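Undergrad: I'd like to ask you about the structure that follows.
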């Protein structure tokens, strides 16, 4: 476990040593701010603070996916390319410790980025808004879990190739597909109750967001996200084992 | 400290390393020597546990690499061929990270980092970002990470590759400083490195151990065929005649140090050897400084007798000495012999021979041998496809007990007499397949042997 911590530490160092993290944070916050502005304009009284936050947290998830996909592409592909993976895998560190360390570093960056969005709340409270903390916090929990799934999949994509460009394309495409699976099939409404339609919409990331932004997170949604994270990280560990020595 | 027992690794169905065994004792530095593609890196990666082992066993620091990988890794320092550096980190931070994941306890970690930076002579760049360092510094930072946890076993894959001579000397100093406390394997294809650093040499080729011996033994072995170096002041031709008449002298060679041809003042192309002769004559009035290499019958020492005889003739004896073969010569001889052995093996087992494909032609000697072949036969010559295999097997059966030479075997056999004529084959191949089967193979073998010898001497001259 100590090794995981060391790897997390180093990855955070690497994040902030390169401009990518800053640039992507800036992009994400710009989009997020724009979304906030849109919801704010629709509900221009500060009393509507809960409606605003609910709208924002329910829709900002997509940008979060893109943001996380891009910052994670480097994580393993780069180490395979420069040969530092050989250092990690010949040190007394287990493969899963490496993968988990990288995941946690991304998660910390994610927390930090989302922390900046607290500014919206502070602003609204300062102007007399009374946020309902339950739904607000559960909205954030949903965002963290979506970000976690994207991070886990980003790391998986990164382990598949030495080329960051390829990893980026795989990561972003799959995230977009995972996101839109739901809306695609749910929009057909309850009329379409074929088993595969139900299954696909259940597999969609988007269809699990709602319960969080409404303030009543469903246990099955939490389980869904956690399962996805563990699955992707587990597959990554296996891929690392298989790709040794390439 | 390190035991490799019949290590085997396949890439696809090609064996990169096969039944490779050797040992490294405590405190010993062993050089793993071989041409590019001989399997050095693969062997080292198996020892570190980075590559899965396909066959055999490796024990490092008392632990089996496969069964107890973590125990092995704790006791192992490894510098891969591509130095694993996080280029965005400063040197100290990088070493701090590698120390942590190698389990150096936090108490005394900083002191250890200072120590290692001192030892590897990188203390002056400790706060600099690694990406901005020169090649030599980077290599030494890589070495520092390999020894940060004071491992019992150190494995260095080509530690001096790509460095300039001054940097090479620095790195060697560092490695020598480490000797004694650690068991070390270092791979290289730079031979002076081995003489400079190693107690023992393991020479590998085609994934197998050719020789495992001490340097001194190797050199003694190589000096069996004795050669003398001689420089005499006097009339060149007379001296040469005199030397050739000496009973124990097998051959008198005139060394040609200048191998480049040049253009003289009249604009004529002067061949290299002649030019040297002229130079030798010009440099003294009518009398020349003549240099000779003598091949003498093995295990005779004619130095004293020859020296006094030369002096009695009234010539000036300037130098006389034994020529000790360089490690290069020994190395190239071994590799060449191995190549010949490969061919023999193929002859014996014509039914299941190993097909030499381009991937395997990685050593300079092998490549040269292949090129020789290309010159001899037509462009398809080296390609052994299934048809050729069938043909060569046919020939073996037809010739019965006479073993076929491997080179000859891979020559495509023309399917019809017209084809045979069309192909510009070398003289001993122009005969039709039928003729060849009736002729004794001795002549062919001779030709191939000459070919082999010329390959060897060519390499030696380099």
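Values quoted throughout were computed directly from the atomic coordinates according to the rules given, and no laboratory measurement underlies them. As the structure is a prediction and not an experimental result, all values here were calculated from the model. Heads up, the Cβs are rebuilt from the backbone with ideal geometry, glycines too, and the neighbour counts pull from every protein chain shown.
Undergrad: How far, in nm, would the chain grow between residue A:141 and residue A:34 when pulled straight, counting 0.36 nm per residue and subtracting the alpha carbon separation?
TA: Gain in length upon complete extension: 36.4 nm.
Undergrad: Additional query: Which residue, A:118, A:232, A:103, tops the fluctuation ranking in a GNM of chain A built on C-alpha contacts under 10 Å?
TA: A:118
Undergrad: Further question: By the gyration tensor of its Cα atoms, with a ≥ b ≥ c the square roots of the eigenvalues, what is the shape of segment B:133-208: rounded for a/c under 1.5, prolate for a/b over b/c, or oblate?
TA: Here segment B:133-208 falls in the oblate category.
Undergrad: Something else about it: Under a plain spin-label model, where a point goes 7 Å from the Cα along Cα-to-Cβ, how far apart in nm are residue A:2 and residue A:230?
TA: 2.7 nm
Undergrad: Which FRET efficiency value, to the nearest 0.05, is calculated for residue A:59 and residue B:318 with the Förster distance at 56 angstrom and r the Cβ-Cβ distance?
TA: The value I calculate is 0.05.
Undergrad: Would you please classify the overall shape of segment A:196-235 from the alpha carbon gyration tensor, given that a ≥ b ≥ c denote the square roots of the eigenvalues, rounded means a/c under 1.5, and beyond that prolate means a/b larger than b/c while oblate covers the rest?
TA: oblate
Undergrad: A follow-up question, please. At 0.36 nm per residue, and after removing the present C-alpha to C-alpha distance, how many nm does the segment from residue B:67 to residue B:134 gain when stretched out fully?
TA: Extra length available between residue B:67 and residue B:134 comes to 20.2 nm.
Undergrad: Against the longest alpha carbon principal axis of chain A, how many degrees, from 0 to 90 and to the nearest 10, is the axis of helix A:61-72 turned?
TA: Orientation of helix A:61-72: about 20 degrees from the principal axis.
Undergrad: On to the next question. Return one number: the angle in degrees, 0 to 90 and rounded to the nearest 10, between the long axis of the Cα atoms of helix A:164-186 and the longest principal axis of the Cα atoms of chain A.
TA: For helix A:164-186, the angle is close to 40 degrees.
Undergrad: Now a separate question. Using only the Cα atoms of segment B:2-214, what do you get for the radius of gyration and for Dmax, in Å?
TA: Answer for segment B:2-214, Rg first and Dmax second: 16.7, 49 Å.
Undergrad: Given R₀ = 22 Å, FRET efficiency for residue B:300-residue B:195 by Cβ-Cβ distance, to 0.05?
TA: For residue B:300 and residue B:195, the calculated efficiency is 0.20.
Undergrad: Kirkwood hydrodynamic radius, computed over distinct alpha-carbon pairs, for segment B:21-115: how many Å, to one decimal?
TA: 15.5 Å
Undergrad: Can you compute the modelled spin-label distance between residue A:119 and residue B:245, with each label point 7 Å from Cα toward Cβ, in nm?
TA: 10.3 nm
Undergrad: Does anyone have the angle between helix A:2-17 and the longest principal axis of chain A? Alpha-carbon axes, 0 to 90°, nearest 10?
TA: 70 degrees
Undergrad: Label points 7 Å out from Cα along the Cβ direction at residue A:195 and residue A:18: separation in nm?
TA: About 4.4 nm, to one decimal.
Undergrad: Here's something else I'd like to know. Estimate the FRET efficiency between residue B:114 and residue B:181 by the formula 1/(1 + (r/R0)^6), using the beta-carbon distance for r and 25 Å for R0, to the nearest 0.05.
TA: Efficiency, from the Cβ-Cβ distance: 0.90.
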